[in-house]
Amino acid sequence: MALFIGGAVSYNYLENERLGFLAQENSEVFVRDYAPRMGAKEPDVYLVEFLDPECESCRAFAPYVKELIKEYQDKVQLIVRYAPFHKNSKFAVKILEAARNQGKYWEVLDVLFRYQPNWGNHHNPQPELIWYYLPEAGVDVAKIREDMQDPAIVKRIEQDIADGQKLGVRGTPSFYINGAPLENFGRSQLKAAIQSAIEDS
């Protein structure tokens, strides 16, 4: 019996070591099973980004985040969560989520950011323009119109909003590195925080 208990304790310890950040009690607030991911399959570092597709800062940061994931492709996994603060954000998020059914999530996100100054102009937003840009992502637009009505998408958005509120997310993009918030916002600060987390893993 003692050997069994000892073996179980050792196994749990090793499993927690393997899972790292995911073994933390509150990790699900950061990482939900449904969240889009990019990067390492078994990462040392989980980079969680709460973003808004209508947010100008998210658009500006997007190429740099992709560069970081490429640079640390064996170490870091990007997890996208939504903080839809702008008026048309939920509409854009529903389109994004529907695109996942066609395996075109990242392509559609690129298109949304590329044309954001047009459809998401804060003085004159025209979200209906998104439909004209979507073919560039190689998607079936009619299918996206249909799939974006799925109630499961609304539940994901609501869960992300609830998690964001719990974490105190007040602006986008908001980054968390293995559960720790990026205190000082900036490109060099983000890279330094990731590098530090890799060294500590």
Added length on full extension, which subtracts the Cα-Cα distance from 0.36 nm per residue, Asp200 to Lys143 | 16.1 nm
So how much slack lies between His123 and Arg187, counting 0.36 nm per residue of separation and subtracting their Cα-Cα distance, in nm?
-> 20.3 nm
Of the GluC sites (Glu not before Pro) in region 129-201, which ones lie in a loop per DSSP and count no more than 11 other C-beta atoms within 10 Å?
-> Glu183
Restraint check, Lys41/Lys94; Lys75/Lys143; Lys90/Lys143; Lys104/Lys191; Lys41/Lys87, Cα-Cα greater than 29 Å | Lys75/Lys143; Lys41/Lys87
Could you list the chymotrypsin sites (Phe, Trp or Tyr not before Pro) in region 109-191 that lie in coil according to DSSP, counting only those with at most 14 other Cβ atoms within 10 Å of their Cβ?
-> Phe185
In order through region 61-74: 3J(HN,Hα) via Karplus (6.51 cos²θ - 1.76 cosθ + 1.60), integer Hz, x for Gly, Pro | 7, 3, x, 5, 4, 5, 4, 5, 5, 5, 5, 10, 4, 8
Between the alpha carbon centres of region 66-83 and region 103-177 the gap in Å comes to 18
Could you give the C-alpha radius of gyration of the chain expressed as a fraction of 2.2 N^0.38 Å, taking N as the number of residues it contains?
-> 1.12
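Per residue of the chain, what 222 nm ellipticity follows from adding -39500 (n - 2.57) for every DSSP H run with n ≥ 4, rounded to the nearest 500?
Helices in the chain give a 222 nm mean residue ellipticity of -15500 deg cm²/dmol.
Quick note: the coordinates plus some simple rules give every number you see, no bench work behind them. Predicted model only: the values in this text are computed from it and were never measured. Because the Cβ atoms are built from the backbone with ideal geometry, glycine has one as well, and the counts that use them run over all protein chains shown.
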